[in-house]
Amino acid sequence: MQPFLAFSELLQALAPGASVNVLRLEETVFQSMLGSWAHQQMSRGLSPDTIDGRDGAIRRFTDFTERYPWQWQASDVDEYSSHLRVLGRQRSTIRQLHGTLSLFCDYLISSEYDWVELCEGHFGDVPSQVCLPWNTTKHVADYEGKPSNRSMTYDEIERFFQVADSRVEVTARSGKKGALAALRDAQMFKTAYAFGLRRAELRGLDDHDLHYNSRVPKWGRFAALHVRFAKASRGGPSRRRTVLLVPHMEWWVEGMEQWMDEGRGLFGASVPALWPTERDTRVSLPYMDRRFAALRQEAGLDPALKLHCLRHSYVTHLIEHGYLDRFVQEQVGHLVASSTAIYTSVSGDFKNQILSDALRRFSTLEESG
């Protein structure tokens with residue numbers, strides 16, 4: 001966080017006869033606004049990443065308008081939003097910006113704080129709420145992501161993992177460095193699919209997050225995963241959940257046993273990370289994205305597919321295999337069923353199977369009639 005004057009310090013510096021001479025008064029007040037708002041968010045328990053993201057959004061808006069918050073007008077929001085649309089920003093991105101601006105303005109004009117009085121006394125102008133019902137993007141759909149964010153077909157999943165496994169063999173035969181990392185990456189991506197994990201959840205796994213399930217002792221400690229870095233909500237800590245391995249993903253166990261018994265220890269890592277690096281750290285999120293993209297390209301798959309599509313695929317395929325919606329919702333850690341529903345996009349084969357079953361039942365009824 002950048003240095004700033006706390007509100008009480010700012011009042012003392014601006015008091016008549018103060019010994020402190022405030023240079024660039026407008027910029028000083030603006031920095032104090034942002035810094036004090038950050039403290040308020042920290043008090044609410046919001047994460048540093050959320051606070052930093054909001055800070056950056058306010059600064060970018062301020063740079064675009066070339067105005068300070070007490071000078072903002074609703075037309076500034078209109079112009080900036082139009083600018084973002086021209087740049088191709090997603091509707092959800094613009095809606096998030098509107099939400100951030102609205103929260104910041106609410107903070108500045110709140111009667112619990114004295115920013116309005118301070119601005120009026122020193123600038124002859126006051127902050128106001130510039131995000132209004134008629135100039136902000138509404139959340140009118142359950143899912144606002146890109147249409148290209150979809151689940152992968154069974155053939156795409158198979159091709160992707162075949163390429164990932166082949167990279168291990170090819171690198172090992174060539175004698176080049178990287179075979180161990182290729183083995184790690186292959187099993188890492190298989191784990192993302194076999195348990196429907198988010199990137200941060202996958203990255204945060206430790207060796208002691210592998211768990212037993214008394215119902216399936218044959219899988220040993222590979223019957224469940226304890227996810228400790230699940231997505232937080234409303235300023236709370238990371239949620240936790242235990243994800244059970246399902247019978248349709250039993251193929252994952254053999255590869256994981258090999259990784260834990262023969263591969264992971266060769267890194268000589270002192271960190272408990274399930275996916276260590278040669279530098280004794282965890283793999284990074286950007287690295288995971290790069291490796292997924294490289295394997296996807298080598299497999300000749302749709303460039304629109306992202307690592308998160310493995311999670312979409314997990315939800316879709318479990319639904320196709322007949323698992324109850326509530327079970328799938330618990331597995332992936334969704335608080336509401338609607339979040340799970342938007343991940344589901346059953347395949348053409350599954351739809352044809354349902355149609356064939358319906359036609360068979362219809363024909364039986366006709367014959368019996």
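The values are calculated or read from the model by the stated rules, or taken from the named source; none is laboratory data. Everything numeric here is computed off the predicted structure, so don't read it as measured data. Note that each Cβ is placed from the backbone with ideal geometry, even for glycine, and that neighbours are counted across all protein chains shown. Side chains are part of the model used for accessible areas, which takes the heavy atoms of the whole protein and leaves out ligands, DNA and RNA. Shrake-Rupley method; radii C 1.70, N 1.55, O 1.52, S 1.80 Å.
Suppose R0 equals 56 Å; then what is the FRET efficiency for residue 27 and residue 214 from their Cβ-Cβ distance, rounded to the nearest 0.05? Step by step, r from the Cβ atoms, then E = 0.35.
Fully extending the segment from residue 200 to residue 155, taken as 0.36 nm per residue of separation minus the present Cα-Cα distance, adds 13.6 nm. A simple count of charges around residue 285, restricted to other residues whose Cβ falls under 13 Å of its Cβ and scoring Lys, Arg +1 and Asp, Glu -1, yields +4. Per residue, the accessible area of the range 170-237 comes to 48 Å², computed with a 1.4 Å probe over protein heavy atoms only. In terms of its C-alpha gyration tensor, the range 266-332 comes out oblate, because a/c is 1.5 or above while a/b does not outweigh b/c.
Annotation for residue 176 and residue 63: the two label points, set 7 Å from Cα along the Cα-Cβ direction, are 3.8 nm apart. Charge tally around residue 311: other residues with Cβ under 11 Å, Lys/Arg +1 each, Asp/Glu -1 each, net +2.
Taking a 23 Å limit on the Cα-Cα distance, which of the listed pairs 231/306; 218/306; 190/306; 190/218 fall beyond it?
Pairs exceeding 23 Å: 218/306.
Computed from label points 7 Å out along Cα-Cβ, the spacing between residue 321 and residue 114 is 6.3 nm. Summary value for the range 65-131: 45 percent relative contact order, contacts being C-alpha pairs under 8 angstrom separated by 6+ residues. All other residues with a Cβ under 15 Å from the Cβ of residue 270 taken together, and with Lys, Arg as +1 and Asp, Glu as -1, what is their net charge? Summing Lys and Arg as +1 and Asp and Glu as -1 gives -1. Averaged over residues, the count of other Cβ atoms within 10 Å places the peptides 180-186, 321-327, 51-57 in the sequence 180-186, 51-57, 321-327, highest first. Taking label positions 7 Å along the Cα-Cβ direction at both residue 125 and residue 78, the computed distance is 1.7 nm, reported to one decimal.
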